[in-house]
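A short write-up of the structure that comes next.
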């Protein structure tokens, strides 16, 4: 049974975000990735407060692919510790959720 997820991540710029997004969609680990440019992140890293421009990735996938997606995203990512946060999609447009499930790796290939 599909368990759609919205996975949030960031990248240092839109070009890096597009490279990551394309790979995840080509690998069928994500059905769609929206890239939102112009984000600004303020965070503590290695004892210092950082203030960085970033692009946000909104990755649509499924719980059964989450571990594979995490591994692939980490391998593609230029950050040492990339943000990877998953939020369950509890409800949505039935046609969209059906499309989302159809664009991902089949269950038997996800293992």
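For the criterion of being buried (at least 16 other Cβ atoms within 10 Å of the Cβ) and part of a strand (DSSP E or B), residue 41 fails.
Residues in the stretch 50-63 that are surrounded by 17 or more Cβ atoms within 10 Å (Cβ to Cβ) and under 11 Å from the mean Cα position of the chain (by Cα): 56, 57, 59, 60, 61, 62. It is to be established whether one or more residues within the stretch 4-18 are in a strand (DSSP E or B) and exposed (fewer than 11 other Cβ atoms within 10 Å of the Cβ). No, that holds for no residue. Are any residues in the stretch 92-105 farther than 14 Å from residue 23 by Cβ and surrounded by 10 or more Cβ atoms within 10 Å (Cβ to Cβ), and if so, which ones? The answer is 92, 96, 97, 98, 99, 100, 101, 102, 103, 104.
Within the stretch 64-91, being in a helix (DSSP H, G or I) and crowded, with 16+ Cβ neighbours inside 10 Å holds for 64, 65, 66, 68, 69, 70, 72, 73, 76. Scanning the stretch 19-30 for residues that are under 11 Å from residue 76 (Cβ atoms) and crowded, with 16+ Cβ neighbours inside 10 Å turns up 20, 21, 23, 24, 29. Being within 16 Å of residue 105 (Cβ to Cβ) and either modelled with pLDDT of 95 or more or in contact with a helix residue (DSSP H, G or I) (Cβ under 7 Å, 6 or more places away or on another chain) (or both) is a property that residue 5 has. Set side by side, the residues 15, 50, 54 differ, and just one is within 17 Å of residue 79 (Cα to Cα) and touching a helix residue (DSSP H, G or I) at 6+ places or on another chain (Cβ under 9 Å), which is 54. For the stretch 20-34, the criterion of being part of a strand (DSSP E or B), closer than 26 Å to residue 101 by Cα and in contact with a helix residue (DSSP H, G or I) (Cβ under 6 Å, 6 or more places away or on another chain) is met by at least one residue.
The values are calculated or read from the model by the stated rules, or taken from the named source; none is laboratory data. In this text the structure is predicted, and so the values were computed from the model without any measurement. Reconstructed Cβ throughout: ideal geometry from the backbone, glycine too, with neighbour counts over all protein chains shown.
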